[in-house]
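**Q** Structure below; questions to follow.
Quick note: the coordinates plus some simple rules give every number you see, no bench work behind them. Only a predicted model underlies this, so the values are computations on that prediction, with no experimental measurement involved. Note: ideal-geometry Cβ built from the backbone for every residue, glycine included; neighbour counts use all protein chains shown.
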Amino acid sequence: MRIVVGITGASGSIYGYSLVRTLSELGVDTYVVATKMGAQVMQFECGVKIEELKKYATLLDNQNLFASVASGSFLTDGMVIVPCSMNTLGGIANGVGDTLLSRTASVVLKEQRKLIIVTRETPLHLIHLENMTQLTRAGAMIMPAAPGFYHRPTEIWELVNFMVARILDSFGIEHELLARWGEKEGSR
């Protein structure tokens, strides 16, 4: 399996960081494209420099439109943008592909591969919602970073793992990040 992970400047970079590490642990061939603000927010929120992700994935330059993931002939199982800023979401929804991240998202859509957009912004205004609707119509899945609480989390990592698990589920990737609804408690 091969997945591209986009990381933008929205708050919530812990989701992207955790996803990349988990994909690596599960043996998934992972490519990471981060915006400049995405790298800065990850450093600020997680204390992690974007270069650290080279331990877990192939890190690509967001300005390099010659990168393999910018072409539909480079086969992937899809892309996750986590977290996705409203600026990036708006650009992708309106066909702007001027960076590697937005170009790759456009390629994933045109090739009818899986595109998951994990939004974190709140509250949302009408233009945000219309952009999400437009992307959903184009084939993307909008997945707000809104973890559930039925698994009774007691630590932040349980909330993060909930969202990472939902992303993995969407790609059909097996994992043991959390107990599923109806499973015995403590079976995680």
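**Q** Grab the alpha carbons of the stretch 1-145, take their convex hull, and tell me the volume per residue in Å³.
**A** 90
**Q** How would C84, C46 line up from fewest to most surrounding beta-carbon atoms within 10 angstrom?
**A** Listing C84, C46 from fewest to most nearby Cβ atoms yields C46, C84.
**Q** Let me ask something else. Provide Rg and Dmax in Å for the stretch 67-171, with only Cα atoms included in the calculation.
**A** Reported Rg and Dmax, both Å: 14.4, 44.
**Q** How would you order 16-29, 52-65, 144-157, 101-114 from highest to lowest mean count of nearby Cβ atoms within 10 Å?
**A** Order by mean packing, descending: 101-114, 16-29, 52-65, 144-157.
**Q** Using just the helices of the chain, give the 222 nm mean residue ellipticity in deg cm²/dmol: DSSP H runs with n ≥ 4 each add -39,500 (n - 2.57), and the total is spread over all residues, rounded to 500.
**A** Rounded to the nearest 500, the figure is -11500 deg cm²/dmol.
**Q** I would also like to ask the following. Translational D (Stokes-Einstein, µm²/s) of the stretch 1-41 at 25 °C and 0.890 mPa s when Rh comes from the Kirkwood sum over C-alpha pairs?
**A** Here the translational diffusion coefficient equals 238 µm²/s.
**Q** Report the full-extension gain for the segment K36 to K49: residue separation times 0.36 nm, less the Cα-Cα distance, to one decimal in nm.
**A** Separation in residues times 0.36 nm, less the Cα-Cα distance, equals 3.5 nm.
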